[in-house]
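The values are calculated or read from the model by the stated rules, or taken from the named source; none is laboratory data. Since this is a predicted model, take the numbers as computed values, not measurements. A quick note on method: Cβ atoms are made from the backbone with ideal geometry, for glycine too, and the neighbour counts reach across all protein chains shown.
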Amino acid sequence: MGGTVNVESLARWIRTFARDIAANQDLLTRLDSAIGDADHGVNMNRGFEAVVAALDKHRPSNIAVLLRDVVATTLLNTVGGAAGVLYATFFLRIAVAAGQERSLDDLAFAKALRAGLEEVAQRGKVAAGDKTMFDALAPAVEALEGALAGGAGLSAALRRATVAADAGRDATAPMLARKGRASYLGQRSIGHQDPGAASAALLIAAAATALGEASG
């Protein structure tokens, strides 16, 4: 199966995301200090440093091996709390959707991201408006699908997805948290951007950088 998204470009996506997490570690921690455990930045950075180290040691034979055995498994072993589970769930479900393929076309990649999003919703029992990473991921996937359906190439579609993810992230600030530790704060959760949505927006931006370059 030929396609513009392959093992190498997906590995580049993960490395780009790891770099961006490291650069934004303090910001993510500050966001989490307002409504969570003040450890989202530290945990995510530790997890993706470990993922990059694992990538340096392995040459995955297909997408499933990359995202399941290298990324998801490493995250489960190194990132504490809900973030580790949900990010691992996201990548694991993409791996299942990709199967043993080494590459995916644009529509197959979007379909795999949709599967990952739906698994996050099911595993985390979250929906739009709950003030979680879902609020950035869902509009990003919808924008990606819509752009591709309209004839856009992957690079342009991912740029639109990034804009949608950023808007979704920003929209979490006035929300009342209904899930996770932030929900314990009740009305005090209002006015603070969700750290999970912030890291999810970085994930989509990293895809636009790494995968958009690959697709031209």
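Here residue 65 does not fit the description of being without any contact (Cβ under 8 Å) to a residue 60 or more places away in the chain, out of contact with any Cys (no Cβ under 8 Å at 6 or more places or on another chain), farther than 20 Å from residue 117 by Cα and of a type outside the set (Ser, Thr, Tyr). Within the stretch 48-83, the set of residues being under 19 Å from residue 200 (Cα atoms) and among the acidic types (Asp, Glu) comprises just one member, 49. Residues that are among the charged types (D, E, K, R), on the phi < 0 side of the Ramachandran plot and buried (at least 22 other Cβ atoms within 10 Å of the Cβ) do occur in the stretch 161-178. Taking the residues in the stretch 25-47 that are surrounded by fewer than 20 Cβ atoms within 10 Å (Cβ to Cβ) and under 16 Å from residue 203 (Cβ atoms) as candidates, determine which candidate is farthest from the chain's Cα centre (by Cα). Checking each candidate, the answer is 27.
In the condition set (1) farther than 22 Å from residue 177 by Cα; (2) more than 15 Å from the chain's Cα centre (by Cα); (3) buried (at least 22 other Cβ atoms within 10 Å of the Cβ); (4) not hydroxyl-bearing (Ser, Thr, Tyr), residue 56 is compliant with all but (3). On the phi > 0 side of the Ramachandran plot and either surrounded by fewer than 16 Cβ atoms within 10 Å (Cβ to Cβ) or in a helix (DSSP H, G or I) (or both): does that describe residue 191? For residue 191, the condition - on the phi > 0 side of the Ramachandran plot and either surrounded by fewer than 16 Cβ atoms within 10 Å (Cβ to Cβ) or in a helix (DSSP H, G or I) (or both) - is met. Screening the stretch 122-159 for residues that are crowded, with 22+ Cβ neighbours inside 10 Å and among the charged types (D, E, K, R) and picking the one that is farthest from residue 182 (Cα to Cα) gives 135.
Taking the stated definitions as given, is residue 214 crowded, with 16+ Cβ neighbours inside 10 Å, of a type in the set (A, V, I, L, M, F, W, C) and either modelled with pLDDT of 95 or more or outside any helix (DSSP H, G or I) (or both)? For residue 214, the condition - crowded, with 16+ Cβ neighbours inside 10 Å, of a type in the set (A, V, I, L, M, F, W, C) and either modelled with pLDDT of 95 or more or outside any helix (DSSP H, G or I) (or both) - is not met. If you check 75, 113, 66 for being modelled with pLDDT of 95 or more, of a type in the set (A, V, I, L, M, F, W, C) and over 25 Å from residue 159 (Cα atoms), only one passes: 75.
Restricting attention to the stretch 131-178, the residues that are among the polar types (S, T, N, Q) and either within 16 Å of residue 211 (Cα to Cα) or in contact with a strand residue (DSSP E or B) (Cβ under 6 Å, 6 or more places away or on another chain) (or both) total 2.
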